[in-house]
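Reviewing the structure listed below.
Derivation of every value follows stated rules applied to the coordinates shown; laboratory data play no part. As the structure is a prediction and not an experimental result, all values here were calculated from the model. Here Cβ is always computed from backbone atoms with ideal geometry, including for glycine, and neighbour counts include all displayed protein chains.
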Amino acid sequence: MLAYRHAFHAGNPADVLKHVVLLRALRLLVAKPKPLSYVDTHAGAGRYALAERMSQRLTEYLDGVGRLWQRDDVRFALQQQPGAALPDAVLDYLRVVLDFNPDGVLRVAPGSPALAAQALRADDPMRLFELHPADWRALKAGFAQRRHTTVQQTDGFAALKSVLPPPSRRALVLIDPSYELDADYAQLVGVLRESLQRFATGVYLVWYPLLQSLQSQGLSRRLRALAPGAWMDVQLFSAPARADGFGLMGSGMFVLHPPFGLLQAMRDCGPWLAQALGREGAGRFLVDAHMP
């Protein structure tokens with residue numbers, strides 16, 4: 001949907017969860033020498049200047065990465081001061097954010113493609129899809145110098161089948177639609193089903209919102225029913241339910257074929273994230289998994 005711009009929400013609690021899971025999954029996957037492809041179906045602009053108009057419209061980053069940035073334990077850990085202790089996956093994510101803000105002042109929120117590029121090796125291919133023309137131009141400019149990277153202005157749902165399976169037969173696919181349209185839920189399930197038929201052994205990460213709508217509440221169940229083997233489902237609640245039934249309560253990350261070590265990493269960092277990002281007593285982290 002062309003009215004949607006991720007810059008409005010960049011760096012919010014949902015982004016924090018998505019990026020912590022994504023970064024740790026990539027770290028685990030690139031530990032093996034075989035090439036790994038990264039596919040991002042809704043890549044956005046790649047990085048977001050938090051002082052710009054769109055980020056300032058809702059200032060959601062203040063409840064996400066901005067809230068973490070103000071914590072003493074985060075500041076001490078990033079300065080490598082003795083006694084500072086953060087969960088490894090969270091600290092890894094914040095160190096990458098620091099790479100984009102080297103003076104320690106939070107001005108830029110890296111998007112999923114930027115984080116992935118930090119974790120991937122130079123020869124690992126990236127396939128980035130973005131439909132919005134302005135975000136596509138920013139994304140294309142941001143990755144113009146990276147080898148083995150394709151940036152296409154197209155619907156990632158429709159384009160996904162063109163890159164599966166990858167030549168290396170190893171890939172992490174991030175599926176992160178806006179869910180602005182009710183049809184996105186059914187389309188997501190259909191695209192994932194088709195992708196599994198083409199490339200059954202891929203690692204698929206699906207971000208989804210936690211809303212009070214029936215579609216949102218039923219999505220996790222539908223994804224679990226689709227899973228052919230191992231899966232992991234994590235949910236981070238950061239805001240209380242609103243009386244009018246609207247608003248984001250939190251978000252989830254559903255992972256098909258999670259790499260070994262990801263589940264434990266999320267169990268280690270989940271309670272910390274819930275405490276750090278929960279507002280009005282709403283902080284809660286749930287993790288469920290099937291590991292046959």
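Data table
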| item | result |
| --- | --- |
| Under the Karplus curve 6.51 cos²θ - 1.76 cosθ + 1.60, θ = phi - 60°, whole-Hz ³J(HN,Hα) for the stretch 125-133, x wherever Gly or Pro sits | x, 10, 10, 10, 10, 8, 8, 5, x |
| Mean separation of Cα contacts under 8 Å (6+ apart) over length of the stretch 117-247, as relative contact order % | 19 |
| Net charge of neighbours whose Cβ lies under 13 Å from the Cβ of L28, counting Lys and Arg as +1 and Asp and Glu as -1 | +2 |
| Pairwise label distance in nanometres, A183 with Q264, each label 7 Å out on the Cα-Cβ vector | 4.5 |
| Protection-proxy order for peptides 43-53, 207-217, each taking the mean of Cβ atoms within 10 Å per residue, highest first | 43-53, 207-217 |
| For peptides 99-110, 248-259, 128-139, sequence by mean Cβ density within 10 Å, most packed first | 248-259, 128-139, 99-110 |
| Table column - 3J(HN,Hα) (Hz), the stretch 72-77, Karplus curve with 6.51, -1.76, 1.60, x for Gly and Pro | 5, 5, 5, 4, 5, 5 |
| Globularity index of the stretch 107-216, i.e. its alpha-carbon radius of gyration over 2.2 N^0.38 Å | 1.12 |
| Contact order normalised by residue count of the stretch 1-126, Cα under 8 Å, 6+ apart, percent | 41 |
| Histogram of C-alpha separations across the stretch 1-158, 10 Å bin width, % | 11, 38, 36, 14, 1 |
| Note, ³J(HN,Hα) from phi for the stretch 151-160, Karplus 6.51, -1.76, 1.60, rounded to Hz, x at Gly and Pro | 10, 10, 8, 6, 6, x, 4, 6, 7, 4 |
| Charge sum, other residues only, whose C-beta stays under 12 Å from F143's C-beta, Lys/Arg counted +1 and Asp/Glu -1 | +4 |
| Considering only the chain, percent of DSSP beta bridges that pair antiparallel, nearest 5 | 60 |
| Sorted by Cβ density within 10 Å, fewest first, the residues K34, K140 | K34, K140 |
| Furthest towards positive pole of dipole, M249, L172, A89, structure part the chain, Cβ charges | L172 |
| Candidate lysines - alpha carbon under 26 Å from K32, same-chain residues fewer than 8 apart omitted | K18, K161 |
| Net charge, G247 excluded, C-beta distance under 15 Å - Lys, Arg +1, Asp, Glu -1 | -3 |
| Under 5 Å, built H, 5+ apart or other chain: amide partners of A171 | S37, V203 |
| Whole-angstrom Cα spans of the chain along principal axes, big to small | 47, 45, 41 |
